[in-house]
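Here the structure is laid out as structure tokens; the discussion comes afterwards.
Readers should treat all values here as calculations from the given coordinates under stated rules, not as data from a laboratory. Note that the coordinates shown come from a computational prediction; the quantities given were computed from them, not determined experimentally. Positions of Cβ are backbone-derived with ideal geometry, glycine not excepted, and every protein chain shown enters the neighbour counts.
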Amino acid sequence: YVLKNIFNYSKENLHMTAMVYLSDHGEDMTYGHGGGHITWQMLHIPFFIYLSPAYEQEYPDTARILRSNEKKIFTNDLLFDTMSGLLKAPNSDYDARFDISSSSYDLPSSEALSVWKERKISEDPSINT
């Protein structure tokens, strides 16, 4: 409900061209969202990128690349690089390998880490490596 209202308002009043949403963590109904016990369910986060027709028309390659990377592993600590890529805002800290909107995106599951870089995403039993 909240995201729908933000989306509709932004689209109608702010000429929104893109919207990115992701959570900082998921929930495990047994353990809540932490308390010292981290489960894979807590590491699965909702994440979406909406591109307006105007954005897709101006940057068709970005839209195509995002669709081709849709099923790839992404961790929320890569948001900086992805936002830099979506905004077309190059900077000295940007790395295209960590930008899911880039054709250079490359995060093998064997190298993806979470929980203070202590858990390998490849160990998640729900992911085919």
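Observations on the model:
- Charged side chains reduced to their Cβ positions (Lys and Arg at +1, Asp and Glu at -1) give segment 2-123 a dipole of some 240 debye around its Cα centre.
- The length gained on full extension between SER122 and TRP40, counted as 0.36 nm times the residue separation minus their Cα-Cα distance, comes to 28.4 nm.
- With Cα atoms defining each centre, segment 78-106 and segment 10-68 are spaced 15 Å apart in the structure.
- When the Cα positions of ASN13, SER110, MET42 are compared along the charge dipole of segment 2-123, ASN13 comes out farthest toward the positive end, with charges on each C-beta of Lys, Arg, Asp and Glu.
- Förster-model FRET efficiency, 25 Å R0, SER110 and MET19, C-beta, rounded to 0.05: 0.20
- Sequence-distant lysines (8 or more away, or on other chains) whose Cα lies within less than 21 Å of LYS71: LYS120
- A helix-only calculation puts the chain at -8000 deg cm²/dmol for mean residue ellipticity at 222 nm, using -39500 (n - 2.57) for each DSSP H run of at least four residues, averaged over all residues.
- The computed log10 I(q)/I(0) by the Debye sum over Cα atoms at q = 0.12, 0.17 Å⁻¹ for the structure shown corresponds, within [x] -0.54, -1.01; [y] -0.47, -0.94; [z] -0.41, -0.83, to [x].
- Efficiency of FRET from Cβ geometry, SER103 and GLU27, R₀ 30 Å, rounded to 0.05: 0.35
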